[in-house]
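Comments concern the structure below.
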Amino acid sequence: MKIDFIIGSLGGGGAERVLALIVNSLAKNRRYDISLITFYKGNEAYELTPNIKRVQLKSNKLIKNHTLNSMIYLLGHYKSKSQRPDLILSFSTSTNFITILVAKFYSIKIIAQEHTSYLGYDKKRSSITTITRKHLYRLANLLTVLTYLDVPHYKKLGVEVYVMPNPCSFKPITENNHLRKKIILAAGNLNRYDGKGFDNLIRLMVPIFKNHPDWRLKIAGSGEEGLNHLTQLAKRAKVLDKVIFTGFIDNISDVMNESSIFILSSKYEGLPMALLEAMSQGMACIAYNCLTGPSDIIENNKNGLLIENQNTEKMQQGLLKLIENEELRNKLSNEGIKSMDKFNIDVITERYESLLNKLVYES
């Protein structure tokens, strides 16, 4: 079976990390002839197994519009029938706009994949995103989404939709009795501080630090604009000495393994990889119950704490409960590790293989 995975680039993002995990896992099955196609050059943040063919489309600008430019090069790539796969798997909304149109032109079967909720970017939604979600997804053979909340929305639009969770990129730890530092960890792109809730997080930590001055907040992630804004915010709140900005770190699993509490302060998510990863490393997790994501991972008071979305007072109460109750932290930590089975990469790979076989051989 010849399969092409297509994404904008292989830079250091969540969707890119998921794609690398999936293609590397599928490539273990030698029945699959896998190519990974990107439109843009840049740093390759994730390694691929040698039997995956890497295709970087030409990036010379035929025209100024990046989307049309990429579409022209993809049309050219598939002009020869020998280049065409049995199935395309396309990652991210803007890439899906291009690939669905090209796939339909050449009658190639396609699975489009969404990695954010349809609710996520309503205020800043581009025309391409709107067109793709409202009109083009119904042309795909299948659309995968991360959570069940998205399903009714797309079904109303006549889209064939299937829930495919992200796999956890880290193996759950097996030894979990080590001493952890008094660190509350958050992670994400700092330039997206508004959606990630990092600005509100710093504010709500002020009274926490007053009651527990030996604890620290560590925020892992890159983004110069966001770093400047959040640094000034922490300085004005007089907590800059208690907030640690790490920048992008390769060994985030090590940081999670040594830290005590993971906090997800987001206003919206898809299925948050960082939350899965933190839980797999035995962190006691607390998250705002934003519209998609956290409730698919956390069962409240069993393997984590779910807090009413953006209720600052309740989030402070939840954090204090975790800080002051080591027994509760240990319970949530152990239960969190156990709950990672359904996000295991082998389980997710089996689900992908079932979809691939159904679309290529049965339809």
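The values are calculated or read from the model by the stated rules, or taken from the named source; none is laboratory data. Since the structure is predicted, the reported quantities are computational estimates derived from the model, not experimental observations. Positions of Cβ are generated from backbone atoms using ideal geometry, with glycine treated the same way; all protein chains shown enter the neighbour counts.
Summary table
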{"read-out": "Qualifying residue in the range 32-47 (condition: modelled with pLDDT of 95 or more, assigned to a helix (DSSP H, G or I), under 25 Å from the mean Cα position of the chain (by Cα) and under 19 Å from Ala112 (Cα atoms))", "value": "no"}
{"read-out": "Condition check for Ala103: aliphatic (A, V, I, L, M), under 30 Å from Pro152 (Cβ atoms), surrounded by 13 or more Cβ atoms within 10 Å (Cβ to Cβ) and out of contact with any Phe, Trp or Tyr (no Cβ under 7 Å at 6 or more places or on another chain)", "value": "yes"}
{"read-out": "Matching option when the condition is in contact (Cβ under 8 Å) with a residue 40 or more places away in the chain and under 30 Å from Asp86 (Cα atoms), among Asp346, Asp296", "value": "Asp346"}
{"read-out": "Every residue from the range 181-205 that is of a type in the set (D, E, K, R), touching a helix residue (DSSP H, G or I) at 6+ places or on another chain (Cβ under 6 Å) and either under 20 Å from Ala237 (Cα atoms) or buried (at least 20 other Cβ atoms within 10 Å of the Cβ) (or both)", "value": "Asp199"}
{"read-out": "Selection count, the range 164-194, where residues are in contact with a strand residue (DSSP E or B) (Cβ under 6 Å, 6 or more places away or on another chain) and farther than 29 Å from Met205 by Cα", "value": "1"}
{"read-out": "Some residue of the range 303-318 being in a loop (DSSP other than H, G, I, E, B), surrounded by 14 or more Cβ atoms within 10 Å (Cβ to Cβ) and touching a Gly at 6+ places or on another chain (Cβ under 7 Å)", "value": "yes"}
{"read-out": "Tabulated pairs, the range 31-51, first closer than 23 Å to Leu356 by Cα, second small (Gly, Ala, Ser) and part of a loop (DSSP other than H, G, I, E, B), C-beta under 6 angstrom, 6+ apart or interchain", "value": "Ile34/Ala27; Thr38/Ser9; Thr49/Ala27; Asn51/Ala27"}
